[in-house]
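Trainee: So that we are looking at the same thing, I have put the structure below in structure tokens.
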Amino acid sequence: MLKMRANRKLCFTVAVLVPMSFICFHVWNKSDKVVAVWNREAPEDVLDTNLLQPLEKYAGISLKWKDEVLELLPKNNCKCEAEKTLNIPFRQELLGKPYSRNFTAAMEPSRIDETHKRRELEYKNFKMRSYNPTDRIIIAEANSPLQYPVQGVEVRPLKTIIIPGLSLLVLEKKNNYEVSLSCTIGIFDVAAEVDSVTIIGAGEKQMTLSSSLLNNLNRQLQLISYTNTVFHPNTADTVQFQSAGHTGTFTIKVRHPVVPKLYDVGTSKSAYNISALVTIATKTFLRYDKLQDLIDSIRKFYPTVTIIIADDSEKPQKVEGPYIEQYLMPFGKGWFAGRNLAISQVSTKYVLWVDDDFIFCPRTKIEKLVDVLEKTSLDLVGGAVREITGYYTTYRQKISIIPGDKEGDCLKTHQGYHHVIEGFPNCVVADGVVNFFLARTDKILKVGFDPRLSRVAHLEFFIDGLGTLHVGSCDDVIVDHASKIHLPWSKTKTDKEYSKFRYPKSSSASNTQQELFYFKNRLKCMTGN
Ligand SMILES: *[C@@H]1O[C@H](CO)[C@@H](O)[C@H](O)[C@H]1NC(C)=O
Ligand SMILES: *[C@@H]1O[C@H](CO)[C@@H](O)[C@H](O)[C@H]1NC(C)=O
């Protein structure tokens, strides 16, 4: 009886107190703040044409424009015209054939207006999302008595800092000195109150300090705190610092620290432990004989490195062996989807991309590529692929995007590279490389391979990665390419089926590619060679 009562009491306690404490917990934790996290002001798209216009008082001064410099400036009116070809022998072999492609013309004419409208709407949202107040140009007015930090001030979301470097320099004697500070997503306060300084608005968005003693005011200015009050990481607060008609403007970045993603690479001291550092990733479709040749050749040199295989064959065969992971995908998912799946499963610091018809040889030294990534700021470094003809391909590309108009921007690709890398005479920096490369896993995951590109695609990845990936290429790390050039009568049944999927006759694959350029990358056309 007693026990029951005790139990009942316990029940009551649980039934009443637990929900109550939950409610209290909620109330305590509840914040009544409402923050618009979308309404960032996006900057104007076009280049400011007023930039070169004189102020009124300078309008009469004569000058002579330099066309060679004006030509170098961005103009927001790019065009794609194929380069004029000079008729020199082997031009095409040496430099490639120049071409120009119009993506607008490739779109379905009946849908183009509506597609364009949707694209521009998405583009507007993208610009608002990616805009940061610290991107804005701030001009420091001439002759200001105000001293303040121009850049580099940073605060964690909802945390507090002391603003460094604030000071007022006034030479003539005054009865009263006054400064004020204002911001939009935080509040000011002082870490200590200095004698003979009057503070108005401590704990608010606008604070005014005044004193008859300039030194006291300056001492007080060393003790100004800023607290971020609106939780909105990766943005910034713009602070205005004012005194007697002068205004200084600077930004305080609001952001979390960058959380590192580190990979444990083992303890071996003398040489790189490739098994601990690198995973080899490939995508296969039907060509199991070629894949097996690749695996056998890898094992000759790297017996314990993990190989990840993405496979979208219709009737997949099991590929077995130590340190091999085969991932089966729905039939015909395609080239980039497979690459994406394969790299998503990598858990080492680096991933080496190979095609399933490559063959490792003694010159396929992954160590060399690892060395480049370990000792430089590059994110991805390509090697060379040796064709059966003995010809080497590094496929080094320079890619640039030239500002355009409402129709879109222009993409330019060029064979070539930017510069040689110091300390690595065989390596250069480029924007795109051949499909045999070593990459930092975390960086390549950031760019990803667009799964909508199912067939012929390669350069698209580097276009998506422009601005994210720092790319290099070394021609002394070489992998062999099992024959690609087949005489029609020597093709096996698998070869024929493979070609049917990989290089389709219909233009649908090419259309997808051009539609993605048009919509996703907001390009109107491309030229290249
Ligand atoms: C592409 O073609 C469309 C229509 O076919 C045309 O209006 C447009 O000006 C062209 N764009 C470029 C960049 O050549
Ligand atoms: C290299 O790394 C692999 C995998 O982490 C490990 O099993 C092996 O013992 C390491 N080898 C050396 C020499 O440290």
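Here, each number is a calculation from the coordinates, and none is a lab measurement. What you see is a predicted model, and the numbers here were worked out from it, not measured in a lab. When we count neighbours, we look across all protein chains shown, and the Cβ atoms used for this are built from the backbone with ideal geometry, even at glycine.
Trainee: Calculate the length of the line joining the C-alpha centroid of the range 400-474 to that of the range 248-263, in whole Å.
Mentor: After rounding, the separation between the Cα centres reads 27 Å.
Trainee: Count the net charge of all other residues whose Cβ sits under 14 Å from the Cβ of G321, scoring Lys and Arg as +1 and Asp and Glu as -1.
Mentor: Once all neighbours under 14 Å are counted, the net charge is -1.
Trainee: Here's something else I'd like to know. Report the GluC sites (Glu not before Pro) located in the range 376-480 that are in a DSSP loop and have at most 15 other Cβ atoms inside 10 Å of their Cβ, or state none.
Mentor: For GluC sites (Glu not before Pro) across the range 376-480 that sit outside H, G, I, E and B with at most 15 neighbouring Cβ atoms in 10 Å, the list reads E387, E422.
Trainee: Evaluate E = 1/(1 + (r/R0)^6) for K269 and I138, where r is the Cβ-Cβ distance and R0 equals 56 Å; express this FRET efficiency to the nearest 0.05.
Mentor: 0.70
Trainee: Given the C-alpha centroids of the range 205-243 and the range 309-364, what is the distance between them in whole angstrom?
Mentor: 56 Å
Trainee: Strictly over 21 Å apart at the Cα level, which of K290/K446; K173/K205; K79/K520; K261/K446 would you flag in this model?
Mentor: K290/K446; K173/K205
Trainee: Which entries in K66/K127; K64/K97; K124/K412; K75/K117 show an alpha-carbon gap greater than 31 Å?
Mentor: Listed pairs above 31 Å: K66/K127; K64/K97.
Trainee: Label E122 and Q292 with points 7 Å out from Cα along Cα→Cβ: what is the distance between them in nm?
Mentor: For the pair E122/Q292, the computed spacing is 4.4 nm.
Trainee: Looking at the range 263-485 from every direction and averaging, what is the projected area of its Cα convex hull in nm²?
Mentor: So the mean shadow area of the Cα hull is 13.2 nm².
Trainee: Which loop GluC sites (Glu not before Pro) in the range 116-201, with loop taken from DSSP, have no more than 12 other Cβ atoms within 10 angstrom of their Cβ?
Mentor: E141, E172, E193
Trainee: Something else about it: Which residues does the label zone of I161 cover in the range 237-268, counting backbone N under 20 Å from a point 7 Å along Cα→Cβ?
Mentor: Of the residues in the range 237-268, 237-242, 248-260 have backbone N under 20 Å from the label point off I161.
Trainee: Can you pull out the chymotrypsin sites (Phe, Trp or Tyr not before Pro) in the range 95-136 whose DSSP state is coil and whose Cβ has at most 15 other Cβ atoms within 10 Å?
Mentor: Counting only loop positions with at most 15 other Cβ atoms within 10 Å, the chymotrypsin sites (Phe, Trp or Tyr not before Pro) in the range 95-136 are Y131.
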